[in-house]
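Participant: The structure that follows is given in the form of structure tokens.
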Amino acid sequence: DLDKAKVSKQVTYWISYRLPDGKQKRQSVNTFEGLNGKSIDDARIADGKIKSLKRENKLLDVKEDSKLTFEQLTEWYLNQKKVQRLVSYKTIKVYLNKFNIQFGKTVVADLKASDLENHQLAREDKGYKPKTIDNEICYVKAMLIKAFDNDKIDDISLKPFRKTKNLLHGKKRGSNARKRLLSRDELKKINEFVKEDHTSNLLSFGDWTGMRAGEVMKLKWSMVNLKTRIITLPDFITKEGREKKVPIGSVVYGILTKNNMRIRDAEAADHIFTYHGKPITRQFTTGLRTASDAAGIPWGREVEGGWIYHDLRRTFKTDMRKAGVHKSVIDSIVGHQNNNDMDHHYNIVDDQDKLQAMELLETYRDKQEMISCKVDHTLTISDNQNKEDAVSA
């Protein structure tokens, strides 16, 4: 249907040619003044202009990124409404600012692959993890792709990022992926040392929903239905970029209904988790770190055996599987559906499936806590018996 697409002006035209220095350039017809990039007639006019300049030896590289710096491009990119709505917006901003410390004044078109490779090595020498270094390059690359799609730069500026390989690739990819799980006993000990109620609620919420920290922080009363016991996360706050429904179990229901007056006075747009009337930010992890230290449980991504809030999500999914919940239901709750998987299209998971999954999880975790209590009780009896034996001896 290409001919039909051309007639209906759904095709964008580009002109490919070589500069005097031998470099190949690909330029959108939209970048030619007064020409429509979706018109075949205007594309022919643009092609004629290029050929005319070439014959007259007046063909110069006049792309916008010949003077655009990374700082200027970053400012444009971070002001895009669609980018600002991304769940990872704050993370993107941090990585781009780090990159601009080194390359902010550099003209986008002047950056070479060797510059990026040297930057990777310099980061390694400073002790940065391979995944952190790869993330920085990937976020900048995503910005350049967005700029290219909007005709702000050409493919020559993208070339260094396409040539630069990630430090984690092939068998290395995922080699440093976190595998930390939290036991029921660990969570209980941490909760005993939590000083603030809101921190305890946030800990339990992540443990019993599998929601990301960013999703929990942005949760509003309009997204919660206490009658159906379903949380509906809209597409603009989920990392997957699609709506997600999470079942409300007994623990979460208790947290949400703890203060009836607050529920009655709350507006639909109000955040659920607040502190002194203001929405809580990621700084709540300070309380978790303090409680973990007091409980003797390591905290931190870089600490051996340490845990972070995101590990609650992994624990939730693992416990769901051990509780006997079907993979399709687990994936639907946490948002891990594969759009290319036919099961996603033909095996529909409804709210009732998710509520039943939560019942299975609660039963499984109750059993785990009972086993833990029995073990502790046995050890206590054994310790006392040893003391009595010692006294008798």
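Participant: Could you list, in sequence order, all residues of the stretch 238-259 that are under 16 Å from A213 (Cα atoms), aliphatic (A, V, I, L, M) and touching a Leu at 6+ places or on another chain (Cβ under 8 Å)?
Facilitator: V246
Participant: When you check K159 against the structure, is it in a loop (DSSP other than H, G, I, E, B) and either within 25 Å of the chain's Cα centre (by Cα) or modelled with pLDDT under 90 (or both), yes or no? Before the answer, list the steps.
Facilitator: On the way: in a loop (DSSP other than H, G, I, E, B): no; either within 25 Å of the chain's Cα centre (by Cα) or modelled with pLDDT under 90 (or both): yes.
The answer is no for K159.
Participant: In the stretch 14-34, is there at least one residue being in a helix (DSSP H, G or I), of a type in the set (V, I, T), more than 30 Å from R212 (Cα to Cα) and at pLDDT below 90? Don't jump to the end; show me each part of the working.
Facilitator: Taking the stretch 14-34 first, the residues in a helix (DSSP H, G or I) are 29-31.
Checking the rest, the ones that are also of a type in the set (V, I, T) come to 29, 31.
So of that shortlist, the ones also more than 30 Å from R212 (Cα to Cα) come out as 29, 31.
Cutting the leftovers down to at pLDDT below 90 gives us 29, 31.
Within the stretch 14-34 (the criterion being in a helix (DSSP H, G or I), of a type in the set (V, I, T), more than 30 Å from R212 (Cα to Cα) and at pLDDT below 90), the answer is yes, since at least one residue qualifies.
Participant: Check S222, S175, S183 and return the single one that is at pLDDT below 95, open to solvent by 40 Å² or more (accessible area, probe 1.4 Å) and under 23 Å from L361 (Cα atoms).
Facilitator: The unique qualifying residue is S183.
Participant: Check whether at least one residue in the stretch 62-74 is closer than 24 Å to T281 by Cβ, in contact (Cβ under 8 Å) with a residue 24 or more places away in the chain, surrounded by 15 or more Cβ atoms within 10 Å (Cβ to Cβ) and β-branched (V, I, T), and report yes or no.
Facilitator: First pass over the stretch 62-74, keeping only residues closer than 24 Å to T281 by Cβ: 74.
Narrowing the set further to residues that are in contact (Cβ under 8 Å) with a residue 24 or more places away in the chain leaves 74.
Cutting the leftovers down to surrounded by 15 or more Cβ atoms within 10 Å (Cβ to Cβ) gives us 74.
Those left that are additionally β-branched (V, I, T): 74.
Checked the stretch 62-74: at least one residue is closer than 24 Å to T281 by Cβ, in contact (Cβ under 8 Å) with a residue 24 or more places away in the chain, surrounded by 15 or more Cβ atoms within 10 Å (Cβ to Cβ) and β-branched (V, I, T).
Participant: Can you report the number of residues in the stretch 211-237 which are closer than 22 Å to Q337 by Cα, assigned to a helix (DSSP H, G or I) and of a type in the set (A, V, I, L, M, F, W, C)?
Facilitator: Count: 3.
Participant: Listed residues F316, F273, F284; which is aromatic (F, W, Y), in contact with a Gly (Cβ under 6 Å, 6 or more places away or on another chain), touching a residue at least 24 places away in the same chain (Cβ under 8 Å) and under 27 Å from E192 (Cβ atoms)?
Facilitator: Numbers: F273 fails: in contact with a Gly (Cβ under 6 Å, 6 or more places away or on another chain); F284 fails: in contact with a Gly (Cβ under 6 Å, 6 or more places away or on another chain).
That would be F316, the only listed residue that is aromatic (F, W, Y), in contact with a Gly (Cβ under 6 Å, 6 or more places away or on another chain), touching a residue at least 24 places away in the same chain (Cβ under 8 Å) and under 27 Å from E192 (Cβ atoms).
Participant: Could you please find all residues in the stretch 238-260 being under 11 Å from G335 (Cβ atoms), open to solvent by less than 40 Å² (accessible area, probe 1.4 Å) and part of a loop (DSSP other than H, G, I, E, B)? Please lay out each step first, then the result.
Facilitator: In the first step, residues of the stretch 238-260 are kept if they are under 11 Å from G335 (Cβ atoms); the result is 238-246.
If we keep only those that are open to solvent by less than 40 Å² (accessible area, probe 1.4 Å) too, we end up with 238, 244, 246.
T238 - this is the single residue of the stretch 238-260 that is under 11 Å from G335 (Cβ atoms), open to solvent by less than 40 Å² (accessible area, probe 1.4 Å) and part of a loop (DSSP other than H, G, I, E, B).
Participant: If we scan the stretch 106-120, do we find a residue that is of a type in the set (D, E), touching a Ser or Thr at 6+ places or on another chain (Cβ under 7 Å) and open to solvent by 20 Å² or more (accessible area, probe 1.4 Å)? Before the answer, list the steps.
Facilitator: Taking the stretch 106-120 as the starting set, the residues that turn out to be of a type in the set (D, E) are 110, 115, 117.
From what's left, touching a Ser or Thr at 6+ places or on another chain (Cβ under 7 Å): 117.
After this cut, where a residue has to be open to solvent by 20 Å² or more (accessible area, probe 1.4 Å) as well, the list is 117.
So far as the stretch 106-120 goes, yes, one or more of its residues are of a type in the set (D, E), touching a Ser or Thr at 6+ places or on another chain (Cβ under 7 Å) and open to solvent by 20 Å² or more (accessible area, probe 1.4 Å).
Participant: Then there's this: Going by the structure shown, is S8 within 39 Å of the chain's Cα centre (by Cα), farther than 20 Å from D155 by Cβ, among the polar types (S, T, N, Q) and open to solvent by 30 Å² or more (accessible area, probe 1.4 Å)? Steps first, answer last, please.
Facilitator: Numbers: within 39 Å of the chain's Cα centre (by Cα): yes; farther than 20 Å from D155 by Cβ: yes; among the polar types (S, T, N, Q): yes; open to solvent by 30 Å² or more (accessible area, probe 1.4 Å): yes.
So S8 passes the test.
Participant: So which residues in the stretch 188-203 are of a type outside the set (D, E, K, R), assigned to a helix (DSSP H, G or I) and open to solvent by 20 Å² or more (accessible area, probe 1.4 Å), if there are any at all? Even if it seems obvious, please write down each step before you answer.
Facilitator: Filtering the stretch 188-203 for residues of a type outside the set (D, E, K, R) gives 190-191, 193-194, 198-203.
With the extra rule that they be assigned to a helix (DSSP H, G or I), the set shrinks to 190-191, 193, 198-203.
Listed by number, the residues that qualify are N191, F193, H198, S200, N201.
Participant: So is A291 surrounded by 13 or more Cβ atoms within 10 Å (Cβ to Cβ), among the small types (G, A, S) and within 13 Å of L219 (Cβ to Cβ) or not? Steps first, answer last, please.
Facilitator: Values: surrounded by 13 or more Cβ atoms within 10 Å (Cβ to Cβ): yes; among the small types (G, A, S): yes; within 13 Å of L219 (Cβ to Cβ): no.
Criteria not met by A291.
Participant: Restricting the search to the stretch 15-54, which residues are closer than 14 Å to D154 by Cβ and open to solvent by 70 Å² or more (accessible area, probe 1.4 Å)?
Facilitator: Matches in the stretch 15-54: S16, R18, K23, Q24, R26, N30.
The values are calculated or read from the model by the stated rules, or taken from the named source; none is laboratory data. Values in this document were obtained by computation on a predicted structure and should not be read as measured data. A quick note on method: Cβ atoms are made from the backbone with ideal geometry, for glycine too, and the neighbour counts reach across all protein chains shown. When the accessible area is computed, the model is the full protein with side chains, heavy atoms only, and any ligands, DNA or RNA have been set aside. Shrake-Rupley method; radii C 1.70, N 1.55, O 1.52, S 1.80 Å.
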